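Visitor: First, the structure itself, so that you have it in front of you.
The values are calculated or read from the model by the stated rules, or taken from the named source; none is laboratory data. Computed from a prediction, not measured in an experiment: that's the story for all the values here. Cβ placement follows ideal geometry from the backbone for every residue including glycine, while neighbour counts extend to all protein chains displayed.
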Amino acid sequence: MIDPATDTCAPGAGHAFPVMLGSPTAGSSERASLSALEAQALDGFEPVSLELLRERDLLQRTDTKYLLPRRILPELLGQLRRDYRVLHAGLEPSARYLTQYLDTPAYDLFHDHRRGKRVRFKVRLRHYLDRRLSYLELKGKSAAGGTKKWRRPLEYLCDALSPDDLRFVSEQAAVDGSRLTPSLVNQFRRITLVGVDLPERITFDVDLQFQNDESSRALDGVLVIEVKQTRFLRRSPVVQALARCRALPGSTSKYCVGTMLLRPELRHNRLRPTLARLERITQCSI
């Protein structure tokens with residue numbers, strides 16, 4: 001239950017996953033802000049209506065990801081105003097996300113991803129800080145390459161899972177929920193655009209920060225874009241805009257990136273190109 005003194009979830013019966021909210025990396029909002037050019041670019045977007053937002057839920061979809069320098073974001077947004085609406089968190093056109101990823105002690109879910117296993121899952125407690133909402137979320141990749149997401153509401157900032165929550169994990173994912181432990185904390189700021197004419201959502205993640213119980217890492221100057229569609233549409237305005245930027249899609253899981261950065265002793269040979277790309281982007285941003 002929520003502790004009224006701290007506005008967080010107090011320890012109770014259940015499987016507890018302590019989120020490192022008190023540390024500067026995982027809990028600070030000072031660094032998570034938009035630049036003046038980014039804010040100006042977003043001013044030209046109309047807000048999304050609740051009706052359109054419901055129509056673009058896309059819990060079952062195809063995801064296409066891009067890893068780019070953040071400096072291109074204002075110019076890219078300027079090309080998308082006519083075809084998309086922006087999702088606001090209160091009065092702001094962006095929102096802060098705090099995520100506690102869960103994995104087995106042997107990092108089985110991470111290894112499924114880095115091996116390219118066709119059916120794989122991520123399990124997380126995601127806290128939508130500006131909307132004051134929390135969910136237990138599972139994200140699964142099917143053998144056909146599609147993405148499906150399941151989620152259950154939690155009390156805001158709660159870090160304890162009930163037996164029913166653990167059963168929910170076990171039923172949806174190929175993993176015993178009771179074996180999961182905290183593996184990574186991730187925080188970022190997200191801009192979400194919703195397609196007017198096409199069934200798609202576009203997310204732009206910046207100010208990415210990662211932390212585990214031993215170390216932390218911030219990815220300054222990095223932009224992660226995810227194009228979420230019912231099926232991949234080359235005629236999508238954002239796909240065409242990204243092609244004009246010579247951006248190439250790739251495999252960019254924030255969980256895998258954070259795990260590779262903070263647990264380099266784990267095998268990740270197949271993911272080395274992603275780390276090399278990140279290194280080039282961060283070096284160019286200095």
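Visitor: Which of (1) at pLDDT 95 or above; (2) surrounded by 15 or more Cβ atoms within 10 Å (Cβ to Cβ) does GLU46 not meet, given it meets every other one?
Guide: GLU46 satisfies every listed condition except (2).
Visitor: Further, regarding this structure: Check every one of the helices (runs of 4 or more DSSP H) wholly within the range 191-286 and list those with 1 or more residues that are β-branched (Val, Ile, Thr) and either under 26 Å from ASP43 (Cα atoms) or without any contact (Cβ under 8 Å) to a residue 24 or more places away in the chain (or both).
Guide: Working: elements: 237-244, 254-262, 272-285.
Where helices (runs of 4 or more DSSP H) fall fully within the range 191-286 and carry at least 1 residues being β-branched (Val, Ile, Thr) and either under 26 Å from ASP43 (Cα atoms) or without any contact (Cβ under 8 Å) to a residue 24 or more places away in the chain (or both), they are 237-244.
Visitor: Enumerate the pairs (first residue in the range 153-170 and polar (S, T, N, Q); second residue anywhere and in a helix (DSSP H, G or I)) with beta-carbon separation below 6 Å, excluding pairs fewer than 6 apart on the same chain, so at least 6 apart or on different chains.
Guide: Close Cβ pairs satisfying both conditions: SER170/GLY177.
Visitor: Kindly evaluate ARG81 against the criterion of being in contact with an Asp or Glu (Cβ under 6 Å, 6 or more places away or on another chain) and of a type in the set (D, E, K, R). Even if it seems obvious, please write down each step before you answer.
Guide: Working: in contact with an Asp or Glu (Cβ under 6 Å, 6 or more places away or on another chain): no; of a type in the set (D, E, K, R): yes.
So ARG81 does not fit the description; no.
Visitor: When the residues of the range 64-84 are narrowed to those that are among the hydrophobic types (A, V, I, L, M, F, W, C) and outside any loop (DSSP other than H, G, I, E, B), which ends up surrounded by the fewest Cβ atoms within 10 Å (Cβ to Cβ)?
Guide: Within the range 64-84, the first condition is being among the hydrophobic types (A, V, I, L, M, F, W, C), and the residues that meet it are 67-68, 72-73, 76-77, 80.
With the extra rule that they be outside any loop (DSSP other than H, G, I, E, B), the set shrinks to 67-68, 72-73, 76-77.
Details: LEU67: 21, LEU68: 22, ILE72: 14, LEU73: 21, LEU76: 20, LEU77: 25.
Taking the candidates together, the pick is ILE72.
Visitor: Is it the case that LEU21 is at pLDDT 90 or above and either of a type outside the set (Phe, Trp, Tyr) or closer than 24 Å to GLU214 by Cα (or both)?
Guide: Details: at pLDDT 90 or above: no; either of a type outside the set (Phe, Trp, Tyr) or closer than 24 Å to GLU214 by Cα (or both): yes.
No, not satisfied.
Visitor: Moving on to the next point. Against the condition aromatic (Phe, Trp, Tyr) and closer than 23 Å to TYR107 by Cβ, how does PHE210 come out, does it pass? Spell out the reasoning first.
Guide: Details: aromatic (Phe, Trp, Tyr): yes; closer than 23 Å to TYR107 by Cβ: yes.
Yes: the conditions hold for PHE210.
Visitor: A follow-up question, please. Can you name the condition, by its number, that GLN79 falls short on among (1) modelled with pLDDT of 95 or more; (2) touching a strand residue (DSSP E or B) at 6+ places or on another chain (Cβ under 9 Å)?
Guide: GLN79 satisfies all of (1) modelled with pLDDT of 95 or more; (2) touching a strand residue (DSSP E or B) at 6+ places or on another chain (Cβ under 9 Å) except (2).
Visitor: In addition: Answer with yes or no whether THR181 is surrounded by 15 or more Cβ atoms within 10 Å (Cβ to Cβ), among the hydroxyl-bearing types (Ser, Thr, Tyr) and either at pLDDT 90 or above or under 20 Å from the mean Cα position of the chain (by Cα) (or both). Full working, then the answer.
Guide: Values: surrounded by 15 or more Cβ atoms within 10 Å (Cβ to Cβ): no; among the hydroxyl-bearing types (Ser, Thr, Tyr): yes; either at pLDDT 90 or above or under 20 Å from the mean Cα position of the chain (by Cα) (or both): yes.
In short, no.
Visitor: Which condition breaks for GLU200 when tested against (1) crowded, with 21+ Cβ neighbours inside 10 Å; (2) more than 18 Å from the chain's Cα centre (by Cα)?
Guide: Unmet for GLU200, out of (1) crowded, with 21+ Cβ neighbours inside 10 Å; (2) more than 18 Å from the chain's Cα centre (by Cα): (2).
Visitor: Moving on to the next point. Within the range 5-16, is there a residue that is part of a loop (DSSP other than H, G, I, E, B) and either at pLDDT 60 or above or buried (at least 17 other Cβ atoms within 10 Å of the Cβ) (or both)?
Guide: First, pick out the residues of the range 5-16 that are part of a loop (DSSP other than H, G, I, E, B): 5-7, 10-14.
Those left that are additionally either at pLDDT 60 or above or buried (at least 17 other Cβ atoms within 10 Å of the Cβ) (or both): none.
No, because not a single residue in the range 5-16 is part of a loop (DSSP other than H, G, I, E, B) and either at pLDDT 60 or above or buried (at least 17 other Cβ atoms within 10 Å of the Cβ) (or both).
Visitor: Okay, next question. Looking at the range 136-185 only, could you name the residues that are under 14 Å from LYS122 (Cα atoms) and hydroxyl-bearing (Ser, Thr, Tyr)?
Guide: SER142, THR147, SER170, THR181, SER183
Visitor: So, in the range 165-184, how many residues would count as being among the acidic types (Asp, Glu) and either out of contact with any strand residue (DSSP E or B) (no Cβ under 8 Å at 6 or more places or on another chain) or under 28 Å from LYS65 (Cα atoms) (or both)? Steps first, answer last, please.
Guide: Restricting attention to the range 165-184, the residues satisfying the condition of being among the acidic types (Asp, Glu) are 165, 171, 176.
Then drop every residue that is not either out of contact with any strand residue (DSSP E or B) (no Cβ under 8 Å at 6 or more places or on another chain) or under 28 Å from LYS65 (Cα atoms) (or both), which leaves 171, 176.
Qualifying residue count, the range 165-184: 2.
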